[in-house]
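Written out below as C-alpha cells is the structure these notes cover.
The values are calculated or read from the model by the stated rules, or taken from the named source; none is laboratory data. Just so you know, these numbers come straight off a predicted model, no measurement behind them. Here Cβ is always computed from backbone atoms with ideal geometry, including for glycine, and neighbour counts include all displayed protein chains.
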Amino acid sequence: MTHTKCKLIFKSMYKKIIYFLICILFVFSVEVFADTVHLKNGNKISGIITKENDDSIGVKINIGATVTFSKKDIEDVEETTQAEPK
C-alpha cells in the first residue's frame with residue numbers, strides 16, 4: 001500500500017470517528033437540559049416539555065416519542081430547559 005492510500009484511509013476513518021463522537025455528545029447533552037415531571041405515583045419522567053394546556057403536559061422523551069400526562073397525575077414539574085413556544 002502506498003503512502004498516499006494510507007493517508008486517504010486514515011483521513012476517512014478520522015472523519016468517521018469525529019462524526020461518531022459528535023453524535024454521542026449530542027445524545028448525552030439532551031439529558032443534561034431535560035425537564036423532569038414528578039408523577040403522584042412516584043415515577044419521574046425526564047424529557048423536554050413540548051406542550052402544556054389547562055389539562056395536560058406533553059413531554060418529548062429521549063427516544064423521540066411525545067408522552068402526554070394529565071395534570072391530575074402530576075405532583076411537580078422541574079423545568080430546566082429554556083422556555084420555548086408551546
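Can we say E79 is surrounded by 10 or more Cβ atoms within 10 Å (Cβ to Cβ), out of contact with any Leu (no Cβ under 8 Å at 6 or more places or on another chain), modelled with pLDDT of 75 or more and among the acidic types (D, E)?
Yes: the conditions hold for E79.
Give the residues of segment 6-17 that are modelled with pLDDT under 75 and among the hydrophobic types (A, V, I, L, M, F, W, C), sorted by residue number.
Across segment 6-17, the qualifying residues are C6, L8, I9, F10.
If we keep just the residues of segment 18-39 that are of a type in the set (S, T, Y) and modelled with pLDDT of 70 or more, which is nearest to K51 (Cα to Cα)?
The qualifying residue nearest to K51 (Cα to Cα) is T36.
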